Every structure is written in C-alpha cells, then in structure tokens.
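Reading through the structure tokens given below for one structure.
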Amino acid sequence: MESNDKYASLRLENQLCFPLYVVSREIIRKYTPFLTELDLTYTQYIVMMVMWEHKKLKIGDLCSKLFLDTGTLSPLLKGMEKKGLVTRTREKSDERIVQIEITKEGEALKDKALAVPQKMFSCVQLSPQDSKELYRILYTIIGKSK
C-alpha cells in the first residue's frame, strides 16, 4: 500500500470497526451452545445477568446498563416474561414506567448459568492479562472507564 494512497482509509484492513464486528459475532456464536442449554439467546442472557444482580429495575435503567433501546428490549422482555423469567409491571403513579423484576424461575437459572463464563473463557485464547486489557480498551471506546 502506498503511503500517499488517498483511499487508504477506505480499506477494510484499516477499519477498527471491522475486527470489532467480526469478534462480536464470533463471541456470540461461541456462547450459543452454552446458552441453548439454558434456553436463552445472548441478549436474554445479558438481561438475566443484570437482573441477577439488581432483581428489580425500571426498563429505562435496564436499557442504560445494556446500551439497548426500549424498542429492542420490550419484545425481548415480553418473551422472557412468557418463559417465566421476569415480570413486567407498570407503575401505578406513572403508567409509562415499566418495572422489570426477576422471578423465582429466573433466579433459579442463575445456578445453571454459573459455568457459562468459565466455558467461554476456555473458548477465547487470551491470557487473563490480555483479557483485562481488552476489557479496559473496549469500555474506553464505549465511554465508560473500568
């Protein structure tokens, strides 16, 4: 590649977004067999991780934690409610506000999910030190320092 190539910035090999996109797809693909055992999609799994930690949240707070919008989360949560993992209730004082709460069934799934992070760690060929550094860099990109 010539250094004066005015189109160099348009080469796929020079795009930070491309390897991030590929890695994201690959990681989710690796999660799939482990999550299938739990009857969860990847997005349902990350919702459950937040719910295991917080137990009850407003949908807006859940959206913020997951960097997702309500248009993405609302149908997902409806399906999770049908599975018995969470409940959705509107606040009486303001019907626009929806509370999400984990159910006993959702809480019980936590024990079954306990092995997933270790299984994933064994699928990704990074040292613990490299994993921490990558985590730090990614959270810098999304605007949250860790």
Item to complete: Test Lys30 against the stated conditions and say whether it is in contact with a Cys (Cβ under 7 Å, 6 or more places away or on another chain) and within 27 Å of Tyr139 (Cα to Cα).
Response: yes
Practice prompt. Please tell me if Ile28 is touching a residue at least 12 places away in the same chain (Cβ under 8 Å) and open to solvent by less than 50 Å² (accessible area, probe 1.4 Å).
Written response: no
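Select from the range 91-106 the residues that are closer than 19 Å to Thr41 by Cβ and open to solvent by less than 60 Å² (accessible area, probe 1.4 Å) and list them in ascending order. It would help to see each step written out before you state the result.
The initial filter retains those residues of the range 91-106 that are closer than 19 Å to Thr41 by Cβ, namely 100, 102-103, 105-106.
Scanning the range 91-106 gives Ile100, Ile102, Thr103, Gly106.
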Worksheet item: Which residues, taken from the range 35-79, are hydroxyl-bearing (Ser, Thr, Tyr), open to solvent by 80 Å² or more (accessible area, probe 1.4 Å) and at pLDDT below 95?
Response: none
Discussion item. Could you list, ordered by first residue, the pairs with Cβ atoms under 6 Å in which the first is in the range 116-142 and of a type in the set (A, V, I, L, M) and the second is in a helix (DSSP H, G or I), at least 6 apart or interchain?
Written reply: Val116/Phe34
Response to the item:
Per the list (1) within 23 Å of Tyr139 (Cα to Cα); (2) modelled with pLDDT of 95 or more; (3) not aromatic (Phe, Trp, Tyr), residue check on Thr87 breaks on (1)
Item to complete: Could you please find all residues in the range 94-121 being over 17 Å from the mean Cα position of the chain (by Cα), over 16 Å from Leu62 (Cβ atoms) and of a type in the set (D, E, K, R)?
Response: Asp94, Glu95, Lys104, Glu105, Glu107, Asp111, Lys112
Worksheet, complete the sentence: Lys82 passes all but one of the listed conditions (1) open to solvent by less than 90 Å² (accessible area, probe 1.4 Å); (2) within 18 Å of Leu35 (Cβ to Cβ); (3) out of contact with any Leu (no Cβ under 8 Å at 6 or more places or on another chain); (4) not small (Gly, Ala, Ser); the exception is number (1)
Worksheet item: If we keep just the residues of the range 122-136 that are among the aliphatic types (A, V, I, L, M) and open to solvent by less than 70 Å² (accessible area, probe 1.4 Å), which is farthest from the chain's Cα centre (by Cα)?
Response: Leu126
Item to complete: Name every residue in the range 56-90 that is over 23 Å from Tyr31 (Cβ atoms), in contact (Cβ under 8 Å) with a residue 24 or more places away in the chain and not in a strand (DSSP E or B), in order of residue number.
Response: Ile59, Gly60
Item to complete: Taking only the range 90-104 into account, find how many residues are out of contact with any strand residue (DSSP E or B) (no Cβ under 9 Å at 6 or more places or on another chain) and modelled with pLDDT of 95 or more.
Response: 1
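The values are calculated or read from the model by the stated rules, or taken from the named source; none is laboratory data. Everything numeric here is computed off the predicted structure, so don't read it as measured data. Ideal geometry is used to build each Cβ from the backbone, glycine not excepted, and the neighbour counts take in all protein chains shown. These area figures cover heavy atoms from the full protein model, side chains too; ligands, DNA and RNA do not enter into them. Shrake-Rupley method; radii C 1.70, N 1.55, O 1.52, S 1.80 Å.
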